[in-house]
């Protein structure tokens, strides 16, 4: 459980009475036992270990990923890159040159400048020195950071959670729920979407999005062999649509099929979202050096329209360390719950803490892809369009869909729907409100 009390965020423009009324309406809309069938667990230990090995091997083989492994401060980051706030970049570059580390400016995004070193350097060590006030007598400390790597399940160090499992096809959508989320578009910044998603899943994804080549999930490492998180975005889209069958989605590629991206790829994906997007789903994230907010993600989120709601995963590390962008104040951070014969309880793999706003069941059945997933020492898994998967990614997708449904049922903007949802009583300290 959380080592700090949960502090609810303040209620905004709607009256407290109306917030509670609309929140109750949302809670009554879909019983907790309805919708996707909860899986019994995240996956057995053997499968999880094999999946994590595949993911860990993929990270180790990626020449553009480095690990900082100081206990309790672990991060993944891009080698030879330093991000500095645009307002601080000149004096940071001067300091670096004085240290014999002349950088090259490699472009700007979301209020930061990317500085590139010609050779391999200790980026976290350099950032730590730059953040030391003793380096800046009589001056403010510059805003600098590594270029953090972000992952599709919000965790690092080769531990993305458990693998998908083969599932039976979903039942057809309930026609009585077709109005839920109608007129609302949810932006999904993820691995993209399967090229055949609309034709393979006509009842759930057909006509629900505008197919674009640059949104396609590459899926495979070779032939029909799935990458560790190939199909993650397609699965997320199906969860959103199950939570609000009338909603449209706008998939954008922020991660590769292994589930690896970074702050620049997420910012770029946010920038490609259509103007009709009012809810943004980020089933991704990562840890940052010293647990400070990500500069570019904070800037990108702050630049969004005030009425837009951003929903992000709390990660699958099972600890209270903040995951970004979920821990940003503007973002609705989602943890995972799990269900068994004894009822609903916090999922042991889920991130938690005072920075978490809400939770939902993390075990979901959803739309998936065709292909095979090979895990060392385990039987090959052959997928034919549907899967069961568990993680805060999918709890997040459910909450995004329920926000869209709440918008239509209550006649609310996305941000007012967020406030209405958070007006419900806290379910568990460190897990926020429970979203059915």
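The values are calculated or read from the model by the stated rules, or taken from the named source; none is laboratory data. Remember, it's a predicted structure, so these values are computed and weren't measured experimentally. Don't worry about glycine lacking a Cβ; one is built from the backbone with ideal geometry, like all the others, and counts go over all protein chains shown.
Assorted remarks:
Residues checked against (1) closer than 14 Å to residue 391 by Cα; (2) out of contact with any strand residue (DSSP E or B) (no Cβ under 7 Å at 6 or more places or on another chain):
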site	(1), (2)
273	no, no
283	yes, no
301	no, no
328	no, yes
332	no, no
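- Selection status of residue 121, touching a strand residue (DSSP E or B) at 6+ places or on another chain (Cβ under 9 Å), crowded, with 23+ Cβ neighbours inside 10 Å and more than 18 Å from residue 394 (Cβ to Cβ): no
- Qualifying position, being over 23 Å from residue 402 (Cα atoms), in a loop (DSSP other than H, G, I, E, B) and in contact (Cβ under 8 Å) with a residue 24 or more places away in the chain, among 218, 208, 182, 172: 218
- Any hit, segment 198-217, residues being within 30 Å of residue 73 (Cβ to Cβ), surrounded by fewer than 21 Cβ atoms within 10 Å (Cβ to Cβ) and in the same structural domain as residue 264 (by TED's automatic domain parsing): no
Yes/no per residue for (1) surrounded by 24 or more Cβ atoms within 10 Å (Cβ to Cβ); (2) modelled with pLDDT of 95 or more; (3) over 25 Å from residue 170 (Cα atoms):
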{"residue": "346", "(1), (2), (3)": "no, yes, yes"}
{"residue": "352", "(1), (2), (3)": "yes, yes, yes"}
{"residue": "362", "(1), (2), (3)": "yes, yes, no"}
{"residue": "366", "(1), (2), (3)": "yes, yes, no"}
{"residue": "377", "(1), (2), (3)": "no, no, yes"}
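- Conditions (1) under 15 Å from residue 329 (Cα atoms); (2) in contact (Cβ under 8 Å) with a residue 60 or more places away in the chain; (3) out of contact with any strand residue (DSSP E or B) (no Cβ under 9 Å at 6 or more places or on another chain); number of the one not met by residue 317: (1)
- Count - residues of segment 415-436 that are within 13 Å of residue 310 (Cα to Cα) and either under 18 Å from the mean Cα position of the chain (by Cα) or part of a strand (DSSP E or B) (or both): 1
- Scanning segment 90-113 for residues that are buried (at least 20 other Cβ atoms within 10 Å of the Cβ), within 29 Å of the chain's Cα centre (by Cα) and outside any strand (DSSP E or B) yields a single hit, 110.
- Per-region count, segment 375-392, residues out of contact with any helix residue (DSSP H, G or I) (no Cβ under 7 Å at 6 or more places or on another chain) and not in a strand (DSSP E or B): 4
- Among residues of segment 261-284 being assigned to a strand (DSSP E or B) and either at pLDDT below 95 or closer than 19 Å to residue 205 by Cβ (or both), the one that is nearest to the chain's Cα centre (by Cα) is 281.
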